[in-house]
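Heads up: the structure comes next, in structure tokens.
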Amino acid sequence: MSLIVQKYGGSSVADATRIKAVRDRIKATVAQGHQVVVVVSAMGKTTDTLVGLADAVVEKALDLQQKEQQHSLDQQSDPQARAREMDLLLSAGEQISIALLSMSLQSIGQPAIALTGAQVPIITEPHHTRARVLRIETGHVRECLDAGKVVIIAGFQGVAIATDGQQPTRQITTFGRGGSDTSAVAIAAAIGAEICEIYTDVPGILTTDPRIVPEARLLDQITCDEMLELASQGAKVLHPRAVEIARNFGVKMAVRSSWLEDPGTVVISPTLASGNYQALEVNRFVEGITSDRSQAKIAILGVPDCPGIAAQLFGALSGAGLNIDLIVQSIQEPANLNDIAFTVDRQELTQARTVVEHLELEHAAIVCDPAIAIVSIVGVGMIGRPGIAAQMFMALGKAGVNIQMISTSEIKISCVIAEHSYDQAIAALQDVFAVQEISSAIGLPIKASNSDASTQIPNQIPNQKPEQSPDAPVRGVALDLNRTRLAIKNVPDRPGVAASIFQCLADRSISVDTIIQSQPGQQYNDIAFTVPVADLNQAEAVLKNAAMELGYGEVVKDEAIAKVSIVGTGMIEQPGVAAQMFTAFAKAGINIEMIATSEIKVSCVVRQEDAIVALKTIHQAFNLAQES
Ligand SMILES: Nc1ncnc2c1ncn2[C@@H]1O[C@H](COP(=O)(O)OP(=O)(O)O)[C@@H](O)[C@H]1O
Ligand SMILES: N[C@@H](CC(=O)OP(=O)(O)O)C(=O)O
């Protein structure tokens, strides 16, 4: 007999007929001799409806300034007040579905019990609307299972217990939209389930969203690292935090269709001996520091902002057999011109420079710098924690280290710095992240040497190197339409400024993604990044307010963008994958506005009107469609 956790999403329990179908599937699993814990989401679009109601009953701030003033008023009175009620409201959606499913099971003679997150209890941080799981007390759930009941738990919610007053208070918390997957995997980790099955309205994880690209192919399996990037870049089939927990605790996971018997997709997680179940979601923010002193930087300033340039450049470099590590393409300054900067192996700098010069990019200036170092912090726990990037930049700023280039992915933040600042940078990062209670708990030794080209995270953290996928370099592509871009012009090029900018945003819990800092010009550079649509106005207002103090220029927003990404662990070993993506865009006449790369992902910001074509184009370019 095994213990299985099954999660059914909103689409699977959208109405009474579907609830009955889910009930039958659960009953069949019990009949096979398994104990079953079920996690369910709110029925259909219930959560959206509740969010709409909340919006409809509050007064709206009219302009940005008012919004920011209102924000500071909120802060003076009770910053948690609205969020607290929002959690109460939204958690009700899941409460309806657990009760209905339990009654349905009971009606066919299957003992069952419905539990809210607080009744389990699932103990979370005291952060409303975005709480992380601290621990799950599994005693009551086990008793119910041993009594022969199916335990049905409300997804996406928990309880925060405050003990600072005389009487401990209990507050309902939620995990953020899509958070039921996280509930399921956290429960599976805490209770030691054999497998966590995520049931949804598609047959499993496909090469991309089948709603946009119907010929998307079902993947038999995918690694946690790949899934983490895909989920963070807009593939909503799994919540990134669920994948983070599966990866950290070695939870076996499968994504399957609620209507089919097919095996779906297995998400491959590492095999781990044990984990800290007392700190389920907060035990690892930054897992390690990596550094690379073998690279050199080439910046091409003032290239025309038109389709095909990136393809021409990186196509030529890959044609010459040169492997490019970090690529950053920043916004146009002045208009219609871009700066593209990238790093290559130092030994290959001269060759790379020759290739670039041969391209004769009109009016572009080529700047080479062999004396750089790349320092990065790595950790799946950085997802959705806006303060970590700010903390890194602050540490470097305080140590007097100037940041020349920044490139971020969801799980890695890399900064290009002058090589002579290397020792200070490493000491500062080690200091900040190692002394943190959380980080020190996992130990944070760093290895960094000249000889070791790319120093990886410490060995004692199991399975840190991305597991290799069996086939193609690109396994999936994702589209994120939930992002907008902010660009800050003329940011003074001195230590600490980036830190202050991102701290302002982190203080307001605004998650920043794809941060790109251009190559410094005349003591100034531009910083561009993306923020969620919902946070755009507040982020803009905050940054405009801080402009005088921090000494930067205009803050420009762009709402009509989309981010398109390719993901695959196989691209680590295969040069030219980025060039292939850029070439496909060029052929389709799609202009790339920003580029950010990590080892297993390349993301491009494009115009929103080009988004769907861009997604279809790269899906086809990497031969991801199913055979017809
Ligand atoms: N790569 C992908 N593979 C499968 N589904 C995807 C992918 N990218 C996006 N999706 C979308 O994710 C949806 C499932 O997630 P979601 O709507 O949250 O389901 P649920 O209601 O079951 O939680 C699918 O209907 C599909 O449109
Ligand atoms: N009901 C919540 C939580 C959730 O995870 O839902 P779903 O599994 O349907 O994506 C939401 O809509 O955000």
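The values are calculated or read from the model by the stated rules, or taken from the named source; none is laboratory data. What you see is a predicted model; the values in this text were computed from it and never measured. As a convention, Cβ positions derive from the backbone with ideal geometry for all residues, glycine included, and neighbour counts pool all protein chains shown. With ligands, DNA and RNA removed, areas are computed over all heavy atoms of the protein, side chains included. Shrake-Rupley method; radii C 1.70, N 1.55, O 1.52, S 1.80 Å.
Here's the yes/no breakdown for (1) over 20 Å from Thr514 (Cα atoms); (2) in a loop (DSSP other than H, G, I, E, B); (3) within 16 Å of ligand 1 (Cβ to nearest atom):
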site: Asn248; (1), (2), (3): yes, no, no
site: Glu261; (1), (2), (3): yes, yes, no
site: Val286; (1), (2), (3): no, yes, no
site: Val303; (1), (2), (3): yes, no, no
Quiz item: Tally time: how many residues in the range 208-220 are more than 21 Å from the chain's Cα centre (by Cα) and within 16 Å of ligand 2 (Cβ to nearest atom)?
Solution: 1
Quiz item: Any chance the range 428-437 includes a residue that's in a helix (DSSP H, G or I) and modelled with pLDDT under 50?
Solution: yes
Quiz item: Looking at this structure, is Val542 more than 20 Å from Leu230 (Cβ to Cβ) and in contact with a helix residue (DSSP H, G or I) (Cβ under 9 Å, 6 or more places away or on another chain)?
Solution: yes
Exercise. Take the residues in the range 31-51 that are part of a helix (DSSP H, G or I) and surrounded by fewer than 19 Cβ atoms within 10 Å (Cβ to Cβ), then tell me which one is farthest from ligand 1 (Cβ to nearest atom).
Key: Ala31
Practice problem: Go through the range 165-176 and give me each residue that's more than 16 Å from ligand 1 (Cβ to nearest atom), at pLDDT 95 or above and of a type in the set (Ser, Thr, Tyr). | Solution: Thr173
Exercise. Return the pairs, sorted by first residue and then second, in which the second residue is in a strand (DSSP E or B) and among the charged types (D, E, K, R), the first residue lies in the range 364-381 and is touching a residue at least 12 places away in the same chain (Cβ under 8 Å), the beta carbons are less than 6 Å apart, and the residues are 6+ apart or on different chains.
Key: Asp369/Lys297; Ile372/Lys297; Ile374/Asp292; Ser376/Lys412; Val378/Lys412
Quiz item: Among the residues of the range 520-539, which ones are touching a helix residue (DSSP H, G or I) at 6+ places or on another chain (Cβ under 9 Å) and without any contact (Cβ under 8 Å) to a residue 40 or more places away in the chain?
Solution: Asp535
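For (1) among the charged types (D, E, K, R); (2) away from ligand 2 (no atom under 16 Å from the Cβ); (3) modelled with pLDDT of 90 or more, each residue gets a yes or a no:
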| residue | (1), (2), (3) |
| --- | --- |
| Thr163 | no, yes, no |
| Gly192 | no, yes, yes |
| Glu197 | yes, no, yes |
| Leu206 | no, yes, yes |
| Val237 | no, no, yes |
Quiz item: Quick one: what pairs do we get from the range 351-362, first residue more than 9 Å from Leu317 (Cα to Cα), second surrounded by 18 or more Cβ atoms within 10 Å (Cβ to Cβ), C-beta under 6 Å, 6+ apart or different chains?
Solution: Leu361/Val303
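Residue-wise test of (1) buried (at least 24 other Cβ atoms within 10 Å of the Cβ); (2) under 28 Å from Leu615 (Cβ atoms); (3) more than 16 Å from ligand 1 (Cβ to nearest atom).
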{"site": "Gly158", "(1), (2), (3)": "yes, no, yes"}
{"site": "Thr163", "(1), (2), (3)": "no, no, yes"}
{"site": "Gly178", "(1), (2), (3)": "no, yes, no"}
{"site": "Asp181", "(1), (2), (3)": "yes, yes, no"}
{"site": "Glu194", "(1), (2), (3)": "no, no, yes"}
{"site": "Gly204", "(1), (2), (3)": "no, yes, no"}
{"site": "Thr207", "(1), (2), (3)": "yes, yes, no"}
Quiz item: For the range 475-493, how many residues meet the condition of being touching a Leu at 6+ places or on another chain (Cβ under 8 Å) and under 18 Å from Ile212 (Cα atoms)?
Solution: 5
Exercise. Determine whether Leu101 is within 15 Å of ligand 2 (Cβ to nearest atom) and either part of a loop (DSSP other than H, G, I, E, B) or touching a residue at least 40 places away in the same chain (Cβ under 8 Å) (or both).
Key: yes
Exercise. Give just the number: which of (1) away from ligand 2 (no atom under 13 Å from the Cβ); (2) open to solvent by less than 10 Å² (accessible area, probe 1.4 Å); (3) aliphatic (A, V, I, L, M) does Ala28 not satisfy?
Key: (2)
Quiz item: Does Ile510 fit the bill of being open to solvent by less than 30 Å² (accessible area, probe 1.4 Å) and part of a strand (DSSP E or B)?
Solution: no
Exercise. Determine which member of the set Val251, Val255, Val237 is among the β-branched types (Val, Ile, Thr) and touching a Gly at 6+ places or on another chain (Cβ under 6 Å).
Key: Val255
Quiz item: So which residues in the range 105-140 are polar (S, T, N, Q), open to solvent by less than 20 Å² (accessible area, probe 1.4 Å) and farther than 29 Å from Ala21 by Cα, if there are any at all?
Solution: Thr124
Quiz item: Scanning for something over 17 Å from the mean Cα position of the chain (by Cα) and touching a residue at least 24 places away in the same chain (Cβ under 8 Å), does the range 221-230 turn up at least one residue?
Solution: yes
Quiz item: Is it true that some residue in the range 544-557 is within 20 Å of the chain's Cα centre (by Cα) and in contact (Cβ under 8 Å) with a residue 12 or more places away in the chain?
Solution: no
Quiz item: If we keep just the residues of the range 241-259 that are surrounded by 24 or more Cβ atoms within 10 Å (Cβ to Cβ) and within 16 Å of ligand 2 (Cβ to nearest atom), which is nearest to Lys20 (Cα to Cα)?
Solution: Val255
Practice problem: Tell me, please, whether a residue that is within 16 Å of ligand 1 (Cβ to nearest atom), under 26 Å from Arg177 (Cβ atoms) and at pLDDT 95 or above can be found in the range 52-73. | Solution: no
